[in-house]
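In what follows, a single structure is set out as structure tokens and then discussed.
The values are calculated or read from the model by the stated rules, or taken from the named source; none is laboratory data. Predicted, not measured: the structure shown is a model, and the values here were computed from it. Counting neighbours? That spans all protein chains shown, and the Cβs are built from the backbone with ideal geometry, glycine included.
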Amino acid sequence: MYKQKKLALMIAVLVGSASMGVQADSKSVEARLAALEQRLQAAEERAQVAEQRAVVAEKQAQQLAVQQRTTEATAVSVAERTAKLESKADASSGFEFHGYARSGLLMNGSGSSTKGGPYLTPAGDTGGAVGRLGNEPDTYVELNLEHKQTLDNGVTTRFKAMVADGQKTYNDWTADSSDVNVRQVYAELGNLPGFDGPLKGSTWWAGKRFDRDNFDIHWLDSDIVFLAGTGGGVYDVKWNDDFRSNFSIYGRDFGPIENESNNTIQNHMLTANNFMGPFQVMVTGLRAKDNENRKSGNGVDIINGSDKAHNGVHVLAGLHNDSFYGLREGSAKTAILYGHGLGAEVKSIGSDGALLSEANTWRFASYGVTPLGDGWHIAPSVMAQSSKDRYVKGDSYQWATLNTRLIKEITQNFALAFEGSYQYMDLKPKGFEDRNAVNGNFYKLTFAPTLKAEKVGDFFSRPELRLFATWMDWSSKLDNYSKEGSFGNDGFTSGGEWNFGVQMETWF
């Protein structure tokens with residue numbers, strides 16, 4: 001290429017010289033050609049250097065492109081890992097801490113100690129609760145620690161431990177009277193890939209726990225149904241989109257067997273809890289072998305000997321409304337419960353080993369919440385129970401509680417709370433534990449200015465700080481029910497009782 005260019009240039013110079021009529025000697029031409037050749041050589045060297053630089057630049061550009069693609073891929077990988085970590089750190093993963101607590105001071109109109117509690121009436125012995133607002137003298141706390149995770153194969157795991165304590169002393173140091181207890185400790189596995197059909201997406205569990213689908217009337221401090229103990233089961237067996245079931249086995253203990261103080265009567269409960277849209281049907285079978293042989297600590301038969309139940313059945317039919325009984329916005333829950341034998345304790349299933357084999361109990365419970373407008377909100381509730389042949393043949397325990405809580409919003413953090421309770425009872429214990437037959441009425445009214453962090457009109461929003469004043473009264477005949485109960489003891493008699501105090505309540 002270079003020689004061709006050189007030859008062409010020489011020819012061009014000769015031709016040019018000839019055309020211009022320029023005469024030069026051979027030495028001058030050769031000198032000019034030599035100079036021209038040097039300049040061409042220098043230009044060629046510069047071209048070669050530029051070409052080499054271009055090659056180097058091209059290689060560098062290729063390397064930069066590779067680096068850029070690597071960087072982009074790394075960024076995508078990091079983003080994917082970050083999203084995965086974030087998904088594992090959401091509400092269904094990692095450690096969680098939850099709790100419930102209440103604590104307050106309760107005194108009578110004279111500034112002295114007084115009686116209180118949702119179960120202070122004679123009907124309370126068989127579950128007859130009354131309104132709890134302005135009527136709680138205790139400190140109670142539940143602390144729940146949970147760990148949840150979602151594994152790469154989609155399986156969910158959950159571990160929960162719950163510690164609780166209850167106190168009625170107002171001292172700061174209460175170790176001598178502590179009731180600290182591990183009330184729950186269990187593990188769950190959910191969404192196991194090895195299951196299909198109705199078991200797809202179900203949750204398996206084992207341990208000591210409260211059943212997941214218990215529900216209550218909070219302002220009475222009473223569960224509508226409470227299933228608990230130690231055992232195992234499976235939740236959310238889905239037969240179709242609207243029909244699911246829970247199956248479980250729980251065990252509870254009743255007490256020592258004669259000459260086997262380290263053994264206990266085990267009450268075993270098999271439960272099928274079915275949900276069809278808003279409807280619930282729950283059936284539990286109970287069996288406690290040898291319950292009729294159970295003895296007290298001094299070896300004496302516990303209540304009626306061989307007449308005690310050693311099996312039973314419990315049935316619940318429920319309706320869970322997402323409106324206020326279908327009439328307006330709000331919510332409502334209603335249940336009818338029946339129990340026979342060991343199932344005749346219809347609220348806390350399987351917890352009472354003193355029931356007779358003939359015992360029968362019916363209970364109705366319902367509550368709802370709804371806004372009324374102009375800052376007012378209302379939550380009425382009713383609970384009624386009839387139990388016969390419960391502990392002694394021919395006995396009868398009948399009671400009914402009507403309760404209403406009202407909230408009036410004043411500001412975004414301040415409300416006025418009101419609660420009214422009425423309870424009627426007709427109790428015929430037939431001498432059981434030296435109790436006497438009584439009937440009569442109980443009344444309670446409470447006014448409680450309340451501070452809240454937010455959602456002032458929400459009945460289930462906490463924490464709350466309350467001042468309260470409570471007036472209660474009851475029929476004089478109820479003072480004669482029992483020597484160990486609240487009524488009629490320590491000057492706590494009918495005729496009207498004022499209580500005052502301050503309380504906090506929170507859950508999260």
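General remarks:
- Residue in the range 266-302 that is modelled with the lowest pLDDT, counting only those that are outside any strand (DSSP E or B) and within 23 Å of residue 338 (Cα to Cα): 292
- If you go through the range 452-499 and keep only what is touching a residue at least 40 places away in the same chain (Cβ under 8 Å), under 30 Å from residue 435 (Cα atoms) and touching a Phe, Trp or Tyr at 6+ places or on another chain (Cβ under 9 Å), you end up with 470, 472, 474, 478, 480, 481, 486, 487, 497, 498, 499.
- For the range 203-228, a residue qualifies if it is closer than 20 Å to residue 274 by Cα and of a type outside the set (D, E, K, R), and the qualifying residues are 203, 204, 205, 206, 210, 214, 215, 224, 225, 226, 227, 228.
- Residue in the range 189-200 that is surrounded by fewer than 17 Cβ atoms within 10 Å (Cβ to Cβ) and part of a strand (DSSP E or B) present: yes
- Only a single criterion out of (1) assigned to a loop (DSSP other than H, G, I, E, B); (2) more than 21 Å from residue 130 (Cβ to Cβ); (3) of a type in the set (Asp, Glu) is not satisfied by residue 433, namely (1).
- Unique residue being in contact with a His (Cβ under 6 Å, 6 or more places away or on another chain), in a helix (DSSP H, G or I) and in contact (Cβ under 8 Å) with a residue 12 or more places away in the chain when the list is 339, 312, 343: 343
- Test: residue 145 is under 20 Å from residue 462 (Cβ atoms), surrounded by fewer than 16 Cβ atoms within 10 Å (Cβ to Cβ), assigned by TED's automatic domain parsing to the domain that holds residue 105 and not small (Gly, Ala, Ser): yes
- Answer residue from the range 373-400, given it is of a type in the set (A, V, I, L, M) and within 28 Å of the chain's Cα centre (by Cα) and is surrounded by the most Cβ atoms within 10 Å (Cβ to Cβ) among those: 383
- Filtered by the rule that a residue be in contact (Cβ under 8 Å) with a residue 60 or more places away in the chain and under 20 Å from the mean Cα position of the chain (by Cα), the range 168-191 gives no residues.
- Only one entry of 330, 373 meets the criterion of being on the phi > 0 side of the Ramachandran plot and either of a type in the set (Lys, Arg) or touching a Phe, Trp or Tyr at 6+ places or on another chain (Cβ under 7 Å) (or both), and that entry is 330.
Here's the yes/no breakdown for (1) modelled with pLDDT of 95 or more; (2) within 27 Å of the chain's Cα centre (by Cα); (3) not in a helix (DSSP H, G or I):
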residue	(1), (2), (3)
107	yes, no, yes
112	no, no, yes
117	yes, yes, yes
120	yes, no, yes
129	yes, yes, yes
136	yes, yes, yes
141	yes, yes, yes
145	yes, yes, yes
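- Scan of the range 354-367 for residues that are touching a Leu at 6+ places or on another chain (Cβ under 9 Å) and either free of Cβ contacts under 8 Å to residues at least 24 places away in the same chain or in a strand (DSSP E or B) (or both), ordered by number: 361, 362, 363, 364, 365, 366, 367
- Of all residues in the range 444-479, those satisfying the criterion of being outside any strand (DSSP E or B) and either charged (D, E, K, R) or buried (at least 16 other Cβ atoms within 10 Å of the Cβ) (or both) are 454, 455, 456, 457, 458, 459, 462, 475, 477, 478, 479.
- Members of the range 150-167 found to be loosely packed, with under 15 Cβ neighbours inside 10 Å and in contact (Cβ under 8 Å) with a residue 12 or more places away in the chain, listed by number: 153, 154, 155
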